Number of protein chains: 2
Amino acid sequence: MQPSPDELAERLARTRARMTRSGLDGLVVVDPANLHYLTGYDAWSFYMPQLLFVPLEGEPLLIMRAMDAGGAHRTAVATPPERILGYPESLVHQRNVHPFDWAAEQLRAHGFARRGRVGYEGEAHFFSVRSFLALQRGLPEWQLVDGHDLVNWVRLVKSPAELELMRAAGRVASAAMRAGIDAIAEGARLNDIAAAIQFAQATGVEGAEGDYPAIVPMLPTGESADTPHMTFSARRLDAGEAVSIELAGAHRRYHAPLARTLSLGRPDARLARVAAVAAEGLQLVLDGLRPGLTVAEVHGIWQSHIAREGIEKPSRLGYSIGIGYPPDWGERTVSIRGDDQTIVEAGMCLHIIAGMWMDGYGCEISEAVAVAERGVEILTDAPRELIVLEDA
Amino acid sequence: MQPSPDELAERLARTRARMTRSGLDGLVVVDPANLHYLTGYDAWSFYMPQLLFVPLEGEPLLIMRAMDAGGAHRTAVATPPERILGYPESLVHQRNVHPFDWAAEQLRAHGFARRGRVGYEGEAHFFSVRSFLALQRGLPEWQLVDGHDLVNWVRLVKSPAELELMRAAGRVASAAMRAGIDAIAEGARLNDIAAAIQFAQATGVEGAEGDYPAIVPMLPTGESADTPHMTFSARRLDAGEAVSIELAGAHRRYHAPLARTLSLGRPDARLARVAAVAAEGLQLVLDGLRPGLTVAEVHGIWQSHIAREGIEKPSRLGYSIGIGYPPDWGERTVSIRGDDQTIVEAGMCLHIIAGMWMDGYGCEISEAVAVAERGVEILTDAPRELIVLEDA
């Protein structure tokens, strides 16, 4: 189910309003989450150069590999076919020509080679340096300036239709977490636990089918639990070990992440204490979070709690979520930390993650939430505390 | 199991030899597959800026987010701890400072701010424009030049140890394909078929555990089979429809892709003919492929076959494979098409994919192969022809 034409028009209007405030005459969009947000386009084609050009006035232009452009109308449902251009296969992976040389020619042919400030996505994952230099060379009329994740900021407050997708993603996340918890046992291999989680992530639940999450299940384990982003191996779980599960449920590209930590048998005293502090701190944040606060004030609730307990966490407490594509389900906008002065609004969705990566052990407890008019709506459902498998 | 110190030293030496031939005094490596190849480093941390600086002489320097740097020694087994630097969390997702400002300062402090030509990876996925501009600004002594996937080209010919990993990946791919074929039936949902494949991909086979593939299973179906990169939905398979499965088996980051097309019941005559032509053409290529030919000559075998049959395929016939990270399992080096003059050598690994994306239908039949001294070793095992499910 693709966004309705009205919703797409509204998103484009909000993007253009922000472009006007930033003094931009055009915007080059490459982040696949932003392409999906603005057009509905959805395919695993982002490993090849592709872009959406958004002029301040007139129809946007979508440019991608010919192989992908031919079927783009299946998901970019409101984009007229003549505004979807495919570059020829002969431009793929060549040393001396680049698909964006061709894109620059097309943008010129469509009347967009006018003097003006054009924003690009300086930190987007799939905007290569060659892509950037090709536009710079091919469209010297443009003053290219970093648009600083402009569309990502437009995405920050979700519409009612998007909130429904986030709720569905939350149900998928809860089911995937249950599958992961059920697969954990002494002697189980991490890759087999990941297999069970991935099965549940793709299947989904009644009324909410799964989609592929932007990140594979993370299972930081034992001593290497201080290394949060190591991916699964065939290592087996030992008795007495702790393992964290960090995953997301995805539904039609919307993501609800969820993290929990389990102990195989009686937990180490340090871990038990850190987990209790983290769970209490998370509860305090959930109780206090509401529209009107700054993100820094929300972080302050957490920070004063862990300071009282004598615990440090240098990394941020979370980030905004919504549409996700590999390699990240974060929106790259709000970071829950002491220097973020964004004002919390209803409709924002956040992953609040009390991830404590201590020296030689670690613990992660999180919730995915939507900010409501008075407080928060928790999108996921799993026991909040350190999960102890007594018979493990 | 990480690469041995000897193998890592050999890879670094080959990289430096190629740097010398390209007139480079240093190389900035960001492609996660190249980081893994040169250091063993392996984690899902590539969504944040990170780099390996390879000077022509002296120890390389690995720079990543502090949260990830702390545990990097667990996989970057031969890198001395003092050569792994972590940038502070306060630099993450900020508008006015960037982690690579910090990286530039560190490179300077380590004596690398010397005049010279330094290569960068212009088409790598995780080298953002802001990262590039930060290095350009922070190290004005450097003449930054596009290194054109230099390390990717070093990776093209596999070592004996790598070929063992590729064979294991091939066994995982064959098992995942069987799981996919078994899950296909009239009325089955695409996301449930993907779930079965992903379960098999993570579990792996006896003696070869699975790893996460760089791309999710692709299931182009029915009329939308002309759109090769649409990802799975909850759509159900109808009687008489055709569906393709494109997947990879991954083992310790090495990938063997495999594609097949199935028909639920008697296939459409056009599909049956195209599939037969594709399977014959693939067989001719496998029979003819051997060291000493150019890639263009290999493509010529295919091209003259399909031209005789009156069929066109504008896209390339395949590409080199090996280590893969999202969003692509191709190496971005050899492309099997008429203009690639690379000379085939033993130890190269290729995904040869007869992907025929026709108007309104499509068919994909492929093999992952390693080039041997005389001919090819096929890494995967699945029935080669169009698979017809008669009782579907």
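The values are calculated or read from the model by the stated rules, or taken from the named source; none is laboratory data. All of these numbers come straight from a predicted model, not from anything done at the bench. For neighbour counting, all protein chains shown are included, and Cβ atoms are generated from backbone atoms with ideal geometry for every residue, glycine included. Just so you know, the surface numbers come from the protein's heavy atoms only, side chains and all, with ligands and any DNA or RNA stripped out. Shrake-Rupley method; radii C 1.70, N 1.55, O 1.52, S 1.80 Å.
Structure values in brief
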{"quantity": "Within region B:307-327, tally of residues that are surrounded by 17 or more Cβ atoms within 10 Å (Cβ to Cβ), more than 10 Å from chain A (Cβ to nearest Cβ) and touching a helix residue (DSSP H, G or I) at 6+ places or on another chain (Cβ under 6 Å)", "calculated": "2"}
{"quantity": "Matching entry among B:Gly360, B:Gly330 (being without any contact (Cβ under 8 Å) to a residue 40 or more places away in the chain and either open to solvent by 10 Å² or more (accessible area, probe 1.4 Å) or within 12 Å of another protein chain (Cβ to nearest Cβ) (or both))", "calculated": "B:Gly330"}
{"quantity": "Which listed residue is crowded, with 23+ Cβ neighbours inside 10 Å, aliphatic (A, V, I, L, M), touching a helix residue (DSSP H, G or I) at 6+ places or on another chain (Cβ under 8 Å) and in the same structural domain as B:Asp182 (by TED's automatic domain parsing), from B:Val298, B:Val277", "calculated": "B:Val298"}
{"quantity": "Filter result (of a type in the set (S, T, N, Q), within 18 Å of A:Gly338 (Cα to Cα) and not in a helix (DSSP H, G or I)) within region B:65-104", "calculated": "B:Gln94, B:Asn96"}
{"quantity": "All positions within region A:185-210 that are touching a strand residue (DSSP E or B) at 6+ places or on another chain (Cβ under 6 Å) and open to solvent by less than 10 Å² (accessible area, probe 1.4 Å)", "calculated": "A:Ile197, A:Ala208"}
{"quantity": "Enumeration of residues in region A:213-245 that are assigned to a loop (DSSP other than H, G, I, E, B), at the interface with chain B (Cβ under 7 Å from one of its Cβ atoms) and in contact (Cβ under 8 Å) with a residue 40 or more places away in the chain", "calculated": "A:Ile215, A:Thr227, A:Pro228, A:Ala234"}
{"quantity": "Residues being in a strand (DSSP E or B) and more than 12 Å from every other protein chain (Cβ to nearest Cβ) - total across region A:333-352", "calculated": "6"}
{"quantity": "Sole residue being open to solvent by less than 10 Å² (accessible area, probe 1.4 Å), out of contact with any Lys or Arg (no Cβ under 9 Å at 6 or more places or on another chain) and more than 9 Å from chain B (Cβ to nearest Cβ), chosen from A:Leu85, A:Leu51", "calculated": "A:Leu51"}
{"quantity": "Residue list for region B:195-212, filter: more than 9 Å from every other protein chain (Cβ to nearest Cβ) and not in a strand (DSSP E or B)", "calculated": "B:Glu206, B:Gly207"}
{"quantity": "Those residues of region A:246-272 which are outside any strand (DSSP E or B) and in contact (Cβ under 8 Å) with a residue 24 or more places away in the chain, in sequence order", "calculated": "A:Arg252, A:Arg253, A:Gly265, A:Arg266, A:Pro267, A:Asp268, A:Arg270, A:Leu271, A:Ala272"}
{"quantity": "Condition check for A:Thr39: crowded, with 22+ Cβ neighbours inside 10 Å and away from chain B (no Cβ under 12 Å)", "calculated": "yes"}
{"quantity": "Set A:Ser90, A:Ser131: member being within 30 Å of B:Asn96 (Cβ to Cβ) and either hydroxyl-bearing (Ser, Thr, Tyr) or open to solvent by 20 Å² or more (accessible area, probe 1.4 Å) (or both)", "calculated": "A:Ser131"}
{"quantity": "A:Asp31 in contact with a Pro (Cβ under 9 Å, 6 or more places away or on another chain), in the same structural domain as A:Glu141 (by TED's automatic domain parsing) and acidic (Asp, Glu)", "calculated": "no"}
